[in-house]
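Here's the structure, in structure tokens; my notes come after.
The values are calculated or read from the model by the stated rules, or taken from the named source; none is laboratory data. All figures in this text were calculated on a predicted structure; none of them were measured in a lab. Counting neighbours? That spans all protein chains shown, and the Cβs are built from the backbone with ideal geometry, glycine included.
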Amino acid sequence: MPEPVFVALLLADRVITEDNQKKGIIGTFTQFSLRQLPAILPPWFIDAAVTNLLGGHSFSVNLVFDRSQQVIFSAGVSTVCFFIDGNQIGSRVLEVSKVEDTPGPARGQRPAQAPAE
């Protein structure tokens, strides 16, 4: 059986389906800039593209904090890992940083809400 080929792993604000059934990936990003941690994040999507697969397969995505290799979401550099049938076939970096309170998000950065108390 041929090996799966990992093509892309995109993080996005939205994924839409056009009238022709094509997917539109809207607002791709590589980092979260948060005013405080923990934080409640707005909805976001992961789009994975893989070729060379036949039949049914299971897949999973883990978010791994690089320094400790724990599956968590924390400030620092994390890795989004994509698995097919329990085997990691691709990954990408996701940076999470805490920023000072500003009037609005800087261009290219995603705002996040503070958790309800």
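Picking from residues in the range 78-97 that are touching a Leu at 6+ places or on another chain (Cβ under 8 Å) and among the aliphatic types (A, V, I, L, M), the one that is farthest from Phe45 (Cα to Cα) is Ile84. For the range 1-50, filtering for residues that are touching a Pro at 6+ places or on another chain (Cβ under 7 Å) and of a type in the set (Val, Ile, Thr) leaves 2. Within the range 2-41, can you find the residues that are over 13 Å from the mean Cα position of the chain (by Cα) and of a type in the set (D, E, K, R)? Answer for the range 2-41, where residues must be over 13 Å from the mean Cα position of the chain (by Cα) and of a type in the set (D, E, K, R): Glu3, Glu18, Asp19, Lys22, Lys23, Arg35. Within the option set Leu34, Leu9, Leu53, being touching a Phe, Trp or Tyr at 6+ places or on another chain (Cβ under 9 Å) and hydrophobic (A, V, I, L, M, F, W, C) holds for one residue only, Leu9. Residues that are surrounded by 11 or more Cβ atoms within 10 Å (Cβ to Cβ) and not in a strand (DSSP E or B) within the range 1-41 comprise Pro4, Phe29, Thr30, Arg35, Gln36, Leu37, Pro38, Ala39, Leu41, listed in sequence order. For the structure I just gave you, tell me whether Ser97 is among the hydroxyl-bearing types (Ser, Thr, Tyr) and at pLDDT 85 or above. Yes, satisfied.
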